[in-house]
Amino acid sequence: MWGKFGEVVFQLLKTPETLNRSSRAKFARISLFAEKEKLHFTGLEPEIVELSIRFHRSFCNPIEEVEKLREYLQKAESHLLIIGDYIKGKFVIEELREQSGRTDKRGNPMQILVDLTLREDIGDAQNQSSNRT
């Protein structure tokens, strides 16, 4: 298994074609008279992961795979993102874009290209601090 998001498994030709991950720091700007402003580190923003996955009917049912992802989006459910042997954390789907390719004679897509934007879900800070004790 290459990776997994919720119940959607990435393996063989169902692995992402691209994966982009971004992390950002947050800074407060402190203005000083007649000097350059200073920066004060205030924390980290949740990570963003962007994936492009091609679901082809030779390896899965593209409609079923996309429906799982659409359900995660509509329910705003967070799921573990696992890549290789590493758990990257819990993420929610912030955006799902799909592009259907050729169809069979019944109009069912032979493949669907999905672009996902995932945002790290760090949960409730109070619950996290109480879980540490």
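Hey, does the range 20-30 have a residue that's among the small types (Gly, Ala, Ser), at pLDDT 90 or above and under 18 Å from Leu96 (Cα atoms)? Write out each step before concluding.
Step one: of the range 20-30, the residues among the small types (Gly, Ala, Ser) are 22-23, 25, 28.
Filter once more, so that each one left must be at pLDDT 90 or above: 22-23, 25, 28.
Still in the list and also under 18 Å from Leu96 (Cα atoms): 22.
The answer is yes, given that some residue of the range 20-30 is among the small types (Gly, Ala, Ser), at pLDDT 90 or above and under 18 Å from Leu96 (Cα atoms).
A search for C-beta distances below 7 Å between a residue of the range 87-108 that is in contact (Cβ under 8 Å) with a residue 12 or more places away in the chain and any residue that is assigned to a strand (DSSP E or B) and of a type in the set (D, E, K, R), counting only pairs 6+ apart in sequence or on different chains, returns Gly89/Glu120; Phe91/Arg119; Phe91/Glu120; Val92/Arg119; Glu94/Arg119; Arg97/Asp115.
Restricted to the range 76-89, and to residues there that are out of contact with any Lys or Arg (no Cβ under 9 Å at 6 or more places or on another chain) and within 24 Å of Met1 (Cβ to Cβ), the residue that is surrounded by the fewest Cβ atoms within 10 Å (Cβ to Cβ) is Asp85. Applying the criterion of being assigned to a loop (DSSP other than H, G, I, E, B) and under 17 Å from Glu95 (Cβ atoms) to the residues of the range 1-16, the residue that is modelled with the highest pLDDT is Gly6. I'd like to check something: does the range 65-75 contain any residue that is farther than 17 Å from Val9 by Cβ, hydroxyl-bearing (Ser, Thr, Tyr) and in contact (Cβ under 8 Å) with a residue 12 or more places away in the chain? For the range 65-75, residues farther than 17 Å from Val9 by Cβ, hydroxyl-bearing (Ser, Thr, Tyr) and in contact (Cβ under 8 Å) with a residue 12 or more places away in the chain: absent.
Checking each residue in the range 83-103 for being within 14 Å of Leu113 (Cα to Cα) and over 10 Å from the mean Cα position of the chain (by Cα) picks out Arg97, Glu98, Gln99, Ser100, Gly101, Arg102, Thr103.
Which count do you get for residues in the range 22-53 that are without any contact (Cβ under 8 Å) to a residue 60 or more places away in the chain and at negative phi? Give the derivation first.
Taking the range 22-53 first, the residues without any contact (Cβ under 8 Å) to a residue 60 or more places away in the chain are 22-45.
Keeping just the survivors that are at negative phi gives 22-33, 35-42, 44-45.
Total satisfying the criteria: 22.
State yes or no: is Ser52 at pLDDT below 90 and of a type in the set (Gly, Ala, Ser)? Considered against the rule, which asks whether it is at pLDDT below 90 and of a type in the set (Gly, Ala, Ser), Ser52 comes out as no.
The listed residues are Leu69, Leu80, and the only one of them that is among the hydrophobic types (A, V, I, L, M, F, W, C), modelled with pLDDT of 90 or more and within 10 Å of the chain's Cα centre (by Cα) turns out to be Leu80. Taken together, the residues in the range 90-109 that are within 22 Å of Val8 (Cα to Cα) and exposed (fewer than 15 other Cβ atoms within 10 Å of the Cβ) amount to 5.
The values are calculated or read from the model by the stated rules, or taken from the named source; none is laboratory data. Just so it is clear, the model here is predicted, and its values are computed rather than measured. Quick reminder, even Gly has a Cβ in these numbers, built from the backbone with ideal geometry, and neighbours come from all protein chains shown.
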